[in-house]
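See structure below.
The values are calculated or read from the model by the stated rules, or taken from the named source; none is laboratory data. Please read these numbers as outputs of a predicted model, since none were measured by experiment. Counting neighbours? That spans all protein chains shown, and the Cβs are built from the backbone with ideal geometry, glycine included. Areas reflect the complete protein model, heavy atoms only, side chains present, ligands, DNA and RNA absent. Shrake-Rupley method; radii C 1.70, N 1.55, O 1.52, S 1.80 Å.
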Amino acid sequence: MSQNFDSVLNENRVFKPVPATALGFNRWHIDSLEEYKALHAFSINDPAGFWGAEAARLSWFRKWDTVLEWTAPDARWFVGGKLNACYNCVDRHVQAGHGEQTAIVWEGEPVAPRTSHAVAGSKYASEPEIRRLTYRDLQTQTSRLASALKSLGVKKGDVVTIYMPMVPELAIAILACARIGAAHSVIFGGFAPTAISERAIDAESRIIITADGGYRRGDIVPLQKNVEDALALLTNHGHIINHVLVLQRTGHEPPSKRFSTGDTRGSTVMHWWHDAVAQASDACPCVEMDSEDMLFLLYTSGSTGKPKGILHTTGGYLAFVQMTARLAFNLMPDAGQLFWCSADIGWVTGHSYVLYGILMNRVPTLMYEGAPNFPQNDRFWDIIERHRVTQFYTAPTAIRTFMKWGDDLPAKHDMSSLKLLGTVGEPINPEAWIWYQQHIGKGRCPIVDTYWQTETGGHIATPLPGAIPTKPGSCTLPMLGVDAAVVNEQGEVIPANSGGLFVIRKPWPGMLRGIYGNRERFISNYWGRIKDPKTKEPYYFSADGARRDEDGYFWIMGRVDDVIKVSGHLLGTMEVESALVSHPGVAEAAVVGVPHDVKGFAICAFVSLKTHWLKAHSRNPDDSLRQELKEHVAKEVGALARPEHIRFAEALPKTRSGKIMRRLLRDVANGVEKITQDTTTLEDFSVVARLRNDDE
Ligand code: WTA
């Protein structure tokens with residue numbers, strides 16, 4: 001197990017909730033443990049009553065007939081109801097007279113002027129670009145883009161691929177899709193062309209929205225170029241993208257490389273965003289969607305094969321996300337709040353808690369385009385100070401990085417506006433939790449450690465800040481309406497403090513409805529392993545190990561499948577292995593995770609090389625080849641997949657049935673088996689393999 005887990009075993013500090021007014025909140029939505037417990041019991045005993053009341057907080061064109069139809073593993077929530085996601089995030093606020101309120105506050109990354117003059121009194125060479133969009137702005141701009149998409153032939157039910165930087169137009173693109181009933185499939189801007197093409201093929205998507213580039217740590221990420229490279233790959237697969245819509249963000253391409261709207265790349269027509277919306281009508285009503293119509297696909301890594309398109313539908317996702325956002329972050333409109341989630345919208349955290357959950361609650365959401373260390377390591381604290389952020393939500397890996405950068409950076413800034421802090425994405429080690437609480441929250445702000453997954457749509461276990469005492473490193477208790485448990489392989493609840501499997505025993509509205517185009521994988525990944533010991537009804541299995549302590553608090557121990565959380569981002573070992581073996585010199589590769597004090601886990605790849613290739617190219621298994629392989633993976637998958645360590649082996653250790661002995665490799669990588677040092681060029685596993693020739 002990871003270092004994180006060893007330390008959480010000994011953690012027993014408890015932090016009690018404080019009165020809302022002590023923090024400057026008007027009130028807590030739920031303000032005692034008793035109230036939470038009563039509500040949780042009600043939500044489990046009467047799901048129709050509980051979720052009916054939650055769904056009634058949304059605007060429906062037609063009310064549902066039945067709250068839930070459930071034939072495991074298929075749930076239909078708010079059956080017969082009709083609604084629209086964009087309407088719930090934008091239009092209804094305009095109609096209720098809040099059109100002039102701020103919906104999005106956006107800050108761009110660059111702080112150096114393109115023309116050189118310093119701004120008096122600013123620590124930056126020029127003020128960062130800041131844009132504020134009201135609900136009315138969002139209504140107008142999503143309508144225009146939605147009209148433009150319609151004129152390009154996008155219809156209800158189509159999948160629109162979005163590969164963009166963190167700019168307001170990304171939010172507009174997502175909401176415009178929802179407006180006309182097209183599903184969005186957002187691909188994180190750090191992914192490589194292969195990832196774009198794989199996902200577009202799987203989603204049967206015919207249109208891509210992108211930007212010429214995005215700013216990241218002072219550099220330009222060549223998004224349009226990546227899309228054009230993906231187009232070439234797609235053509236080889238016989239998949240045609242009809243249109244690519246490009247937002248001009250960086251304008252970095254020399255004129256010779258630029259296109260004009262209407263130019264083609266193979267069979268694909270290129271359009272500038274500004275041209276497309278210039279002629280588009282801003283009258284574009286939100287279409288009526290069935291509660292169970294697809295809202296979006298979001299690809300996530302699995303333990304085998306290609307990334308899977310997690311499918312979320314409209315009514316259940318919205319009902320769940322508006323509730324979880326409201327309760328975990330104590331969101332209230334008209335209360336001077338400014339919520340900032342630092343995740344990229346390319347991940348589920350950004351979908352649910354940069355956009356949908358926050359906009360539905362009519363609280364302004366802050367979007368920041370760039371890196372935390374540009375131009376200096378205190379950019380986040382600077383943003384919190386200048387914008388007076390009230391709730392801040394980030395990842396443990398970021399917190400550990402901030403710790404490394406030093407206590408003096410947050411100390412330089414006035415962060416007295418903060419009332420609540422959140423974390424997400426991986427287990428947080430108590431040291432990082434305490435540092436966050438002391439140095440960012442100044443000992444004042446409650447911390448909500450929110451455990452959930454792309455598949456769950458929203459928070460599954462988290463402290464509710466006014467009600468649930470916190471323990472550093474624990475995501476505490478289940479969200480209202482969520483029946484979570486830690487069980488053994490037989491589905492039996494196990495005694496307190498023993499390690500087991502994290503399952504959800506009853507359906508919840510935000511649950512995934514499928515893996516796009518792969519029913520079998522949907523069932524085998526999530527529903528095939530653990531059952532109710534009595535009724536034999538399948539449980540949802542999260543693929544996380546966990547324990548529950550004597551207070552019923554959950555302590556997540558991490559993944560039990562072959563995916564690795566690197567800096568909070570899920571990566572399939574298979575994805576990295578396939579990328580490695582696509583290098584002409586690689587015969588075989590096996591990838592395991594090793595604990596890393598900032599990233600949580602890092603990738604260690606064991607690689608056996610083709611001897612004839614080495615000879616033919618006069619290469620050796622040395623550092624230069626290690627470097628080349630690392631770059632190769634970054635190019636094939638994306639920078640976040642770049643292995644930390646490459647270890648060469650003559651052959652990989654296998655069981656008699658030919659399976660790679662991953663557990664052994666994990667032990668070797670973690671230094672448990674002192675077979676060889678990291679510095680030797682070749683590892684010889686033949687001895688161990690002979691010694692341990694048992695099936696894993
Ligand atoms: C892990 C991110 C411990 C877990 C929202 C899960 C966490 C996976 C936490 C999902 C947390 C997420 N404590 N572990 N608070 N939050 N995880 O799909 O292993 O990118 O299965 O969704 O992240 O990652 P995903």
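Put the Cα centre of region 164-211 next to the Cα centre of region 521-539 and the gap is 32 Å. The charge dipole of region 488-591, taken about its Cα centre with unit charges on the Cβ of Lys, Arg, Asp and Glu (plus for the first two, minus for the last two), comes to roughly 480 debye. Taking every DSSP bridge with both residues inside the chain, close to 60 percent are antiparallel.
Computing FRET efficiency as 1/(1 + (r/R0)^6) for residue 252 and residue 45, where r is the C-beta to C-beta distance and R0 is 60 Å, gives about 0.55. Net length available on complete extension from residue 265 to residue 123 is 46.7 nm, with 0.36 nm assigned per residue and the Cα-Cα distance removed.
Looking at region 44-119, the GluC sites (Glu not before Pro) that sit in a DSSP loop and have at most 11 other Cβ atoms within 10 Å of their own Cβ are 100. Write down the Å³ per residue value for the convex hull defined by the alpha carbon atoms of region 477-590. Enclosed volume per residue, from the Cα hull, is 146 Å³. When the helices of the chain are scored as -39500 (n - 2.57) per DSSP H run of n ≥ 4 and the total is divided over every residue, the value at 222 nm lands at -7500 deg cm²/dmol. Computed from backbone phi, the HN-Hα couplings of region 454-466 come to 3, 5, 8, x, x, 4, 10, 9, 6, x, 9, x, x Hz, rounded to whole numbers (Karplus: 6.51 cos²θ - 1.76 cosθ + 1.60, θ = phi - 60°; Gly and Pro given as x).
Computed over neighbours whose Cβ is under 13 Å from that of residue 40, the net charge equals -2, Lys and Arg +1, Asp and Glu -1. Taking amide hydrogens as placed 1.01 Å from N in the peptide plane, the amide H of residue 247 sits under 5 Å from those of 210, 211, 212, 273, each at least 5 positions away in sequence or on another chain. Note on region 346-406: with charges restricted to the Cβ of Lys and Arg (+1) and Asp and Glu (-1), its dipole about the Cα centre is near 100 debye. Residues in region 473-596 average 34 Å² of solvent-accessible surface per residue, probe 1.4 Å, ligands and nucleic acids excluded. Apolar share of the accessible surface for the chain: 50 percent from carbon plus sulfur atoms, 1.4 Å probe. Rounded to the nearest 20 debye, the dipole magnitude of the chain is 460 debye, with +1 charges on Lys and Arg beta carbons, -1 on Asp and Glu beta carbons, and the Cα centre as origin. With R₀ set to 41 Å, the beta-carbon distance separating residue 618 from residue 242 gives a calculated FRET efficiency near 0.30.
Among the listed pairs 610/659; 155/635; 16/419; 82/506; 225/630, those whose Cα-Cα separation exceeds 27 Å are 155/635. Given in Å, the Rg to one decimal and the Dmax to the nearest whole number for the Cα atoms of the chain are 25.0, 74. In straight-distance terms, cross-link reach from residue 412 covers every one of the lysines whose alpha-carbon lies under 22 Å from its own, apart from those fewer than eight places away in the same chain; here that gives 123, 404, 442. Counting only residues at least eight positions apart within a chain, or on another chain, the aspartates and glutamates with an alpha carbon under 18 Å from that of residue 150 are 158, 169, 204, 275, 282, 288. Converting the Cα gyration tensor eigenvalues of region 384-499 into ellipsoid dimensions via √(5λ) gives semi-axes, longest first, of 30, 15, 12 Å.
Loop-resident GluC sites (Glu not before Pro) (DSSP state other than H, G, I, E or B) in region 518-587 with no more than 12 further Cβ atoms inside 10 Å of their Cβ: 550.
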